[in-house]
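Report on the following structure.
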Amino acid sequence: MKPLRILTYNIHKGFSTGNRQFILQKIKESIKTVEADIVFLQEVIGEHEKHSNSVKNWPTNSQFEFLADQTWSHFAYGKNAVYQEGHHGNAILSKFPIISWSNEDISTVLESRGLLHAELEVPGSRHPVHVFCIHFGLFEKDRKNQILTLARKISNSVPADAPLIIAGDFNDWRENASDLLIERLQLNEVFLNRNGKHAVTFPAWLPLLALDRVYYRNLECTSAIALRKGMWSGLSDHLPILTELTPSSQVMIEPG
């Protein structure tokens, strides 16, 4: 199993900060430059009837299909927020085949949220690689319940020795999620593991809050960076995180 390049990015529905410009084409060009194997996206529009008729350069297909294009042949989309004009949610773009995927509703009274889970067939891995794309709620109580739901789902559906990656916008501005995830699931977080603290990713123009994360299990982190220089600070209101995860011995296919 070769090292996996992972990107997670809240794309703000393809609009720049303050919704001043529709910049999905620039986002597409930017994420292609990092050559990620798996891309975790939040705030992705699947359909929007009003925008498709009024916004210049709106894609003819869904945003996740437009971004995937010919670079990521496999993708999954979790429809979370549904409204009169359309819907948006989370998406996973993958260079590896998706064996199966599901989207579990973890919405609250005030917010529509989901857990997008996919199993990927990665050459050299003894088990499918399990990946979760998440965007948790704005309120502390809701986030804790969503984390507990995630923990139960992983305990019930992910083998203890399978490679596991959880990435997305945790909205965990108080930075309480990691203790719970580490205790319940024995996870590592890429920046916490390498630097002893989470990366600040929001707002993109002056990052102060550590909202975006990549957690992993049965893998090793060899690099992690919050992409903030050049073009990245002028796109979404979040900064993306790029990391490389290498296999640990227990996830590789045994020789012979």
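The values are calculated or read from the model by the stated rules, or taken from the named source; none is laboratory data. Since the structure is predicted, the reported quantities are computational estimates derived from the model, not experimental observations. FYI the Cβ positions are ideal-geometry reconstructions off the backbone, even for glycines, and counts take in every protein chain you see.
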Residue in segment 157-173 that is of a type in the set (S, T, N, Q), surrounded by fewer than 14 Cβ atoms within 10 Å (Cβ to Cβ), under 21 Å from G114 (Cα atoms) and out of contact with any helix residue (DSSP H, G or I) (no Cβ under 6 Å at 6 or more places or on another chain) present: yes
Candidate set from segment 42-62 (those that are out of contact with any His (no Cβ under 8 Å at 6 or more places or on another chain) and of a type in the set (S, T, N, Q)); member that is surrounded by the fewest Cβ atoms within 10 Å (Cβ to Cβ): T60
Where A199 falls short, out of the listed (1) on the phi > 0 side of the Ramachandran plot; (2) in contact with a helix residue (DSSP H, G or I) (Cβ under 8 Å, 6 or more places away or on another chain): (1)
So I134, is it buried (at least 21 other Cβ atoms within 10 Å of the Cβ), under 30 Å from F96 (Cα atoms), touching a His at 6+ places or on another chain (Cβ under 8 Å) and of a type in the set (A, V, I, L, M): no
R213 vs. criteria under 24 Å from K26 (Cα atoms) and not β-branched (V, I, T): yes
For T222: the one exception among (1) crowded, with 19+ Cβ neighbours inside 10 Å; (2) among the hydroxyl-bearing types (S, T, Y); (3) in contact (Cβ under 8 Å) with a residue 60 or more places away in the chain: (1)
Pair list, Cβ < 7 Å and 6+ apart or interchain, from segment 139-163 residues that are farther than 25 Å from T246 by Cα and at pLDDT 95 or above to residues that are basic (K, R) and in a helix (DSSP H, G or I): none
In segment 69-94, residue nearest to the chain's Cα centre (by Cα) [restricted to those that are under 18 Å from V122 (Cα atoms) and buried (at least 18 other Cβ atoms within 10 Å of the Cβ)]: I92
Residue count, segment 203-217 (criterion: in contact (Cβ under 8 Å) with a residue 40 or more places away in the chain, closer than 20 Å to S16 by Cα and not in a loop (DSSP other than H, G, I, E, B)): 1
From L115, L41, L4, residue being touching an Asp or Glu at 6+ places or on another chain (Cβ under 6 Å) and touching a residue at least 60 places away in the same chain (Cβ under 8 Å): L4
Options A76, A36: the member that is at pLDDT 95 or above, of a type in the set (G, A, S) and more than 22 Å from R113 (Cβ to Cβ): A36
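Here is a yes/no grid of residues against (1) of a type in the set (A, V, I, L, M, F, W, C); (2) under 24 Å from C221 (Cα atoms):
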| residue | (1), (2) |
| --- | --- |
| R5 | no, yes |
| S16 | no, no |
| K50 | no, no |
| L67 | yes, no |
| W72 | yes, yes |
| G89 | no, no |
| I92 | yes, yes |
| D105 | no, no |
Number of the condition not met by P123 [criteria: (1) free of Cβ contacts under 8 Å to residues at least 60 places away in the same chain; (2) in a loop (DSSP other than H, G, I, E, B); (3) more than 15 Å from the chain's Cα centre (by Cα)]: (1)
